[in-house]
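Reviewing the structure listed below.
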Amino acid sequence: MVQATQTPEEGRLWNELAETPSTAIVLELMHTLDREVDEIPPLARTIDPDAIDRLVESGAQGTSISFTHAGCAVTVSPTKISVSRPETPPRV
């Protein structure tokens, strides 16, 4: 599911990670999951990488995109990206 939300206050500046928001998303997923790029499903299975690049690079203030990919919550805004794993319930 993709939804527009308020700009995230936490996260890293995507343009310090990569040349495009979609590449920064993949790099953050790799870091969060401690996986290599070929161990993560292609981003295009969840969202159109070119469309997210255009939307984020347009710089529309107060706009961000949130979605789930590879089991992680992803939020990207015109300036920041945040990738987090959902908390796993303890095994009983």
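Does residue 46 fit the bill of being hydroxyl-bearing (Ser, Thr, Tyr) and touching a His at 6+ places or on another chain (Cβ under 6 Å)? When the stated conditions are applied, residue 46 passes them.
When 2, 56 are screened for being β-branched (Val, Ile, Thr), surrounded by 18 or more Cβ atoms within 10 Å (Cβ to Cβ) and modelled with pLDDT under 90, only 56 passes. Considering 85, 91, 35, the condition of being of a type in the set (D, E, K, R), loosely packed, with under 13 Cβ neighbours inside 10 Å, at pLDDT below 95 and under 18 Å from residue 11 (Cβ atoms) is satisfied by 85 alone.
The values are calculated or read from the model by the stated rules, or taken from the named source; none is laboratory data. In this text, all values refer to a predicted model and were calculated from it rather than measured experimentally. Cβ: placed from backbone, ideal geometry, glycine included. Neighbour counts: every protein chain shown.
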